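The values are calculated or read from the model by the stated rules, or taken from the named source; none is laboratory data. Just so you know, these numbers come straight off a predicted model, no measurement behind them. Reconstructed Cβ throughout: ideal geometry from the backbone, glycine too, with neighbour counts over all protein chains shown. Heavy atoms of the whole protein, side chains included, go into the accessibility calculation; ligands, DNA and RNA do not. Shrake-Rupley method; radii C 1.70, N 1.55, O 1.52, S 1.80 Å.
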Amino acid sequence: MDHFVHRSLISKSETALMQDKATSLLNTVFGYTEFRHHQQTIIQQLIDGNDAVVLMPTGGGKSLCYQIPSLVRDGTGIVISPLIALMQDQVVALQQLGVNAAYLNSSLDAKSAQNIEQQLLRGELDLLYVAPERLMTNHFLGLLNRIKIALFAIDEAHCVSQWGHDFRPDYIQLSVLHTHFPAIPRIALTATADGPTRREIIQRLALEKAELFVSGFDRPNIRYHIAQNQGNARNELLQFIQNEHANDAGIVYCLSRKKVEQIADWLTEKGLTALPYHAGLSTQVRQQHQQRFLNEDGIIIVATIAFGMGIDKPDVRFVAHLNLPKSIEAYYQETGRAGRDGLAATAWMMYGLQDVIMLRQMMDNSDADAIHKRIEQHKLQSMLGFCELTTCRRQALLKYFDDHLDKPCGNCDTCLNPVESWNATEISQKALSCAYKTGQRFGVSYLVDVLLGKDTERIRQFQHHKTSVYGIGKELDAKQWRSIFRQLIARNLFSVDVEGHGNLRLTEQCRSVLRGEESLMLRKETKQTKQSRQTGKSTFNIHNSDKVLWEALREHRKALASERNVPPFVIFHDATLMEIVEKKPQTQQQFSMLTGVGEKKLQSYGDTFISIVQQHLTANTSTKSTTDTQEETLQLFKSGLNIPEIASHRNLKPATIYGHLANSIQQGEIKLEQVVNLTINEISLVQNTFLDLPENDRKLKSVYEALDGQFDYGLLQCIKASIEGYT
Ligand code: ADP
Ligand code: ZN
């Protein structure tokens, strides 16, 4: 690609020219029509030779902010990125777009690395990704001195912050870039953006003069859902996946390696493809699981939080937490790995009393110095508060990042299933007194037993059946009491002992509640609420008649991807395939208008995808005469042939024959009973199952599964037709 000259030499009209150039690259290379968020201004800022600090949510489009200026400006754009996997993905994707990109990291052998260095010295690279530790070597700084540098991009810039949760010592060194290369524009990018992290980035990287760009942090396509673990988290998880994300790719986070293994085994037992990922596995196994996650459809990774930071998979449809993240930043970051492509996704979490107790203890016990301990505790407290909210989660989340949402979002659990709160002052006083009167030396289970007036040996041993608090809490059951204790710990009215016995102590904060000066509103715990259906823009709003086309496109994409040894989404995102289904482009010109199709991809893939569309259209026109082929089936059926016979006679699949007959049933040409050989009871069972579903959502699959696969799809289709014939 041709480049423009350095800013010191350019005039006003040249600036305008460069802006045109940026827009035209957006179109021709990346295949997008418009810039998003602040992309255009940020790009301009760098083209002009100035610095920028960019805070943009995951999936917001940070990469373009340095990729385009690297192409426009003279020289090579140097991108510092902390993770090898992430570099490789980006480079592969750029190469697919026809951009000369490469990376240098420890995964390369000496010869390949040397080769890349040569390309760099010859000025052949538009972009070079490097790991921070390599960048700081004398050797590499020496190379940089000999080439033209377009810009420095510091990706995942929050790694420089000790306040943040991904601190990397190597990042601190990056401030020398400014000292060594003061004239080269720098851009620091992150998706984490609480105030302290933001300030640390600016200070440590000496970016005080940089313009700050903050985009909204909302991820509207992510549905937040947090539920209380009442001892059945595993089952709840399974149901969540089966009901809302069958066949989708997702990540399940657990705290320990052991739990990771258990959950992965268990999901696998239930017929899902779930792969473990944690530091205890060999590099080879980890890599293999990661590759499958990227390259195959519908893989679930069960992982410790170590997984995911370097993974840029756009079509992760859910992120599930079986443990509480340590902070809201971590929660936002981890859940942010869902739905990068902008299509509907879910962030699901289960947490319970045990998590609260464990995390409290872990923090108290940590080796961190007093300041960091206080920071950690403060963060955990915010996270707990977030879990116990009775108001919109998204509003709270955004507020935490100094962002703002006017109205409740309508796409989180508290919006969808409003939580009732109740005045729990008196009940809380009972819980607090119970702990106090028994000497602040017991854990939740014991305290609940005392409140309920249980007759146990331990209680008698301690003589607590004689205290005034014995049996004063019979109006609630044990489960409800546990929920009360969880909320009181979460609100810091109780502290948990450091020794690890889970003993509860009263905190300073509980005074006003005990004295009745402050009334306490707590969540009314409901039975596990049924999740309502996903209302957001659905992933696959594809018409029945287009399913075949959709599948054909996916098949083709998969074939291309494995030929090139890249993940399918590097060829095209789901969103592009959906657009193909919707618009059915038949010419190169039409194809080039699709989102995500630039010149290179048009040239590489246009023809084959277009021809798939054309085949589909021809096949559909020939079924224009559906009536004819349906009529033929009907006649054969009337002449006494059964379905397998008609199928073999006509050289069609039985499913197709069922389809024809179902149409005939719906149109009243034959009766259901003539086609299906079922008892009245069986038929009404199936009919009722259909009728229980909302009218516009009576999927064969749902009924098939609801009835445990007792009835074949063909039969279901005919029975469904019989219902539709009436309505
Ligand atoms: P981030 O690094 O901020 O998480 P990416 O740079 O990976 O986000 O971009 C997320 C997705 O959005 C990518 O698939 C990218 O190609 C796409 N994208 C970025 N900018 C635009 C744009 N202006 N128009 C359409 N899609 C875009
Ligand atoms: Zn909401």
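A few comments on the model shown:
- Considering only residues in the range 415-431 that are away from ligand 2 (no atom under 16 Å from the Cβ) and in a strand (DSSP E or B), the one that is farthest from L520 (Cα to Cα) turns out to be W422.
- Residue in the range 447-461 that is surrounded by fewer than 18 Cβ atoms within 10 Å (Cβ to Cβ), polar (S, T, N, Q) and either more than 16 Å from ligand 2 (Cβ to nearest atom) or over 31 Å from the mean Cα position of the chain (by Cα) (or both) present: yes
- Condition met for V613 (touching a helix residue (DSSP H, G or I) at 6+ places or on another chain (Cβ under 6 Å), of a type outside the set (G, A, S), modelled with pLDDT of 85 or more and assigned by TED's automatic domain parsing to the domain that holds R557): no
- Among the residues of the range 262-272, those identified as open to solvent by less than 60 Å² (accessible area, probe 1.4 Å) and either within 18 Å of the chain's Cα centre (by Cα) or of a type outside the set (V, I, T) (or both) are A264, W266, L267, L272.
- Picking from residues in the range 432-443 that are open to solvent by less than 20 Å² (accessible area, probe 1.4 Å) and out of contact with any Gly (no Cβ under 7 Å at 6 or more places or on another chain), the one that is nearest to ligand 2 (Cβ to nearest atom) is L432.
- Residue in the range 492-500 that is in a helix (DSSP H, G or I) and surrounded by 14 or more Cβ atoms within 10 Å (Cβ to Cβ) present: no
- Filter result for T190 (over 24 Å from F569 (Cα atoms) and either outside the structural domain of I305 (by TED's automatic domain parsing) or without any contact (Cβ under 8 Å) to a residue 40 or more places away in the chain (or both)): no
- Checked across the range 111-121, the condition of being in a helix (DSSP H, G or I), open to solvent by 30 Å² or more (accessible area, probe 1.4 Å), closer than 27 Å to G598 by Cα and not acidic (D, E) holds for at least one residue.
- Those residues of the range 579-589 which are in contact with a helix residue (DSSP H, G or I) (Cβ under 8 Å, 6 or more places away or on another chain) and surrounded by 15 or more Cβ atoms within 10 Å (Cβ to Cβ), in sequence order: I580, V581, K584, P585
- A single entry from A210, A206 fulfils the requirement of being open to solvent by less than 30 Å² (accessible area, probe 1.4 Å), over 30 Å from the mean Cα position of the chain (by Cα) and either outside the structural domain of C409 (by TED's automatic domain parsing) or within 16 Å of ligand 1 (Cβ to nearest atom) (or both): A210.
- Among the residues of the range 367-394, those that are open to solvent by less than 30 Å² (accessible area, probe 1.4 Å) and modelled with pLDDT under 85 comprise K379, L380.
- Top-ranked residue of the range 23-65 - restricted to ones that are away from ligand 1 (no atom under 11 Å from the Cβ), of a type in the set (G, A, S) and open to solvent by less than 20 Å² (accessible area, probe 1.4 Å), ranked as farthest from A150 (Cα to Cα): A52
- From T33, T28, T23, residue being assigned to a loop (DSSP other than H, G, I, E, B) and either touching a residue at least 60 places away in the same chain (Cβ under 8 Å) or outside the structural domain of L343 (by TED's automatic domain parsing) (or both): T33
- Residue list for the range 178-199, restricted to those being at pLDDT 90 or above and buried (at least 18 other Cβ atoms within 10 Å of the Cβ): I184, P185, R186, I187, A188, L189, T190
- Of note, Y351 satisfies the criterion of being crowded, with 22+ Cβ neighbours inside 10 Å and farther than 30 Å from H573 by Cα.
- Scanning the range 290-349 for residues that are hydrophobic (A, V, I, L, M, F, W, C) and assigned to a loop (DSSP other than H, G, I, E, B) returns I299, I305, A306, F307, M309, I311, V316, L322, L324, A338, L343, A344.
- In the range 335-345, the count of residues that are over 30 Å from G516 (Cβ atoms) and away from ligand 1 (no atom under 16 Å from the Cβ) is zero.
- Some residue of the range 131-154 being open to solvent by 10 Å² or more (accessible area, probe 1.4 Å), within 16 Å of ligand 1 (Cβ to nearest atom) and more than 21 Å from H372 (Cβ to Cβ): no
- Within the range 549-573, being aromatic (F, W, Y) and surrounded by fewer than 16 Cβ atoms within 10 Å (Cβ to Cβ) holds for no residue.
- Condition check for Q590: in a helix (DSSP H, G or I) and either of a type in the set (A, V, I, L, M) or without any contact (Cβ under 8 Å) to a residue 60 or more places away in the chain (or both): yes
- The test for being open to solvent by less than 10 Å² (accessible area, probe 1.4 Å), under 13 Å from I226 (Cβ atoms) and either within 16 Å of ligand 1 (Cβ to nearest atom) or of a type outside the set (D, E, K, R) (or both) does not hold for L398.
- Scanning the range 458-490 for residues that are within 13 Å of S445 (Cα to Cα) and of a type outside the set (S, T, N, Q) yields R458, I459, D477, A478, K479, W481, R482, I484, F485, R486.
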